[in-house]
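Peer 1: The structure's right below; bear with me while I get my questions together.
The values are calculated or read from the model by the stated rules, or taken from the named source; none is laboratory data. Quick caveat: nothing in here was measured; it's all calculated off a predicted structure. Note that each Cβ is placed from the backbone with ideal geometry, even for glycine, and that neighbours are counted across all protein chains shown.
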Amino acid sequence: MKTYKPTSKSRRNMTTVTYRGVLSGDKPMKSLMTYKKRQGGRNNAGRITTRHQGGGHKRMYRHVDFTYNKMDIPARIETVEYDPYRTAFISRVVYADGERRYVLTPKDVKVGDVFSVGAAAPVKIANRLPLSKIPSGTFVYNVELKPGAGARIARSAGNYAEVVAHDAGYAQLKLPSSEIRKIIDTCYASIGAVGNEEQRLVKIGKAGRSRWLGKRPTVRGTAMNPVDHPHGGGEGRQGRGLRRAKSKWGKPTGKGQKTRTPKKYSNKFIVSRRKVGKKR
């Protein structure tokens, strides 16, 4: 982590990820980028559907490949680059047939390394193969939920899932949330963990830096009036006056409460629920 001299109150506690020696310093490839208009958390009717979004620095969207549909063609990592749309680093790779794509950069991988995708690929970092071919105890990332649908699980910086068992055509994975889930063993996953694990240690340091990232201020429920939030109201600082914490709309939230939909379609795939609360 990079720290700063305490030249101001915000600089005193600010930290950033060290990019020197990690990123390759190459410019992004224009053909793999597009401008993505931001909605500020609003839907097609102009109404806010996700709060605390808006503003921020302009940024170009990098088209990252999560399908990995080029089978049994070795690929070489050309660059390691920063991506403003995600916490993980991305790499530009060139396949043996000359095509270039962006992929997530796993931990302990550097420029010049080679990986491959396919059922016959060896079990080594960055290689991608079906869950049925991956032994128990292996860390994986970029995990599919449906065969051929592309990676959905363990994609952010420092994340990984662990293969804990194989049973009756399913692989059981322990996810970053501590949930153990069954996934069809013909789904593909990449070996290793996503890089840039220091991201979780970053201290924003000042309010302005959050605004650069497109995050608007978040007001506490206890600071509101009763008409605006279930926790609002009272003379002076008050407790919430409720047995369980609620969201602005009266739904259970935070503090170790179970918020999963009771009849969710994927309940049958859950072997062990995730641990919630401070003692997780």
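Peer 1: Given the structure, is G169 in contact (Cβ under 8 Å) with a residue 24 or more places away in the chain and either on the phi < 0 side of the Ramachandran plot or not assigned by TED's automatic domain parsing to the domain that holds Y265 (or both)?
Peer 2: No: the conditions fail for G169.
Peer 1: Using the structure shown, decide if I204 is in contact (Cβ under 8 Å) with a residue 60 or more places away in the chain, touching a helix residue (DSSP H, G or I) at 6+ places or on another chain (Cβ under 6 Å) and not assigned by TED's automatic domain parsing to the domain that holds V117.
Peer 2: In short, yes.
Peer 1: Can I ask one more? Which of the numbered conditions does K27 fail, given that it passes all the others? Conditions: (1) surrounded by fewer than 13 Cβ atoms within 10 Å (Cβ to Cβ); (2) basic (K, R); (3) under 21 Å from the mean Cα position of the chain (by Cα).
Peer 2: That leaves (3) as the condition not met.
For every residue, the table says whether it meets (1) in the same structural domain as A149 (by TED's automatic domain parsing); (2) more than 21 Å from N142 (Cα to Cα); (3) in contact (Cβ under 8 Å) with a residue 24 or more places away in the chain; (4) not in a loop (DSSP other than H, G, I, E, B).
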site	(1), (2), (3), (4)
K182	yes, no, yes, yes
S190	yes, no, yes, yes
P217	no, yes, yes, no
P262	no, yes, no, no
K275	no, yes, yes, no
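Peer 1: With the requirement that a residue be assigned to a strand (DSSP E or B) and more than 18 Å from the chain's Cα centre (by Cα), what does segment 141-175 give you?
Peer 2: V163, V164, A165, H166, D167, Y170, A171, Q172
Peer 1: Working carefully through the options V276, V271, find the one that is modelled with pLDDT under 85 and surrounded by 13 or more Cβ atoms within 10 Å (Cβ to Cβ). Write out each step before concluding.
Peer 2: On the way: V271 fails: modelled with pLDDT under 85.
Going through V276, V271 in turn, just one is modelled with pLDDT under 85 and surrounded by 13 or more Cβ atoms within 10 Å (Cβ to Cβ): V276.
Peer 1: Restricting to segment 89-126, count the residues that are surrounded by fewer than 17 Cβ atoms within 10 Å (Cβ to Cβ) and touching a residue at least 60 places away in the same chain (Cβ under 8 Å).
Peer 2: 6
Peer 1: Read through the list (1) farther than 25 Å from A193 by Cα; (2) under 23 Å from the mean Cα position of the chain (by Cα), then give the number of the only condition that V64 fails.
Peer 2: (1) is the only condition that V64 fails.
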